Amino acid sequence: MATKTGAELIEFGEISTEDQQGMLERAARSLLNLSATEFRQRWEAGLYREDEDPRVTQVAMLLP
């Protein structure tokens, strides 16, 4: 599917669950030095509720 925004044409599609998990794992490890599982547990426990670190936001955006 393509979406037109101004003068640009952006192509996008769906990714598999495995690809999504891989992206989350790589981001969590490279940005926060955590596994995806550790990040998800901390996120769900509310440990990042007041955290304004953009790295946390980048990883959180990859959660399903």
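The values are calculated or read from the model by the stated rules, or taken from the named source; none is laboratory data. The model shown is predicted, which means the values in this text are computed figures rather than measured ones. All Cβ positions, glycine included, derive from the backbone under ideal geometry; neighbour counts span all protein chains shown. The accessibility values were calculated without ligands, DNA or RNA, using every heavy atom of the protein model including side chains. Shrake-Rupley method; radii C 1.70, N 1.55, O 1.52, S 1.80 Å.
Before moving on, here are some points about what is shown:
- Considering I10, I15, the condition of being aliphatic (A, V, I, L, M) and at pLDDT below 90 is satisfied by I10 alone.
- Evaluating L47 against the criteria (1) in a loop (DSSP other than H, G, I, E, B); (2) in contact with a helix residue (DSSP H, G or I) (Cβ under 6 Å, 6 or more places away or on another chain) leaves one unmet condition, (2).
- Region 30-64 - residue that is under 23 Å from S16 (Cβ atoms) and among the small types (G, A, S) and, of those, most open to solvent (accessible area, probe 1.4 Å): S30
- Pairing each residue of region 44-57 that is under 17 Å from L24 (Cβ atoms) and at pLDDT 95 or above with any residue that is in a loop (DSSP other than H, G, I, E, B) and of a type in the set (F, W, Y), provided the two are 6+ apart or on different chains, yields C-beta distances under 8 Å for V56/Y48.
Residues checked against (1) among the hydroxyl-bearing types (S, T, Y); (2) touching a Leu at 6+ places or on another chain (Cβ under 7 Å); (3) modelled with pLDDT of 95 or more:
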position: G22; (1), (2), (3): no, no, yes
position: A27; (1), (2), (3): no, yes, yes
position: S35; (1), (2), (3): yes, no, yes
position: F39; (1), (2), (3): no, yes, yes
position: R42; (1), (2), (3): no, no, yes
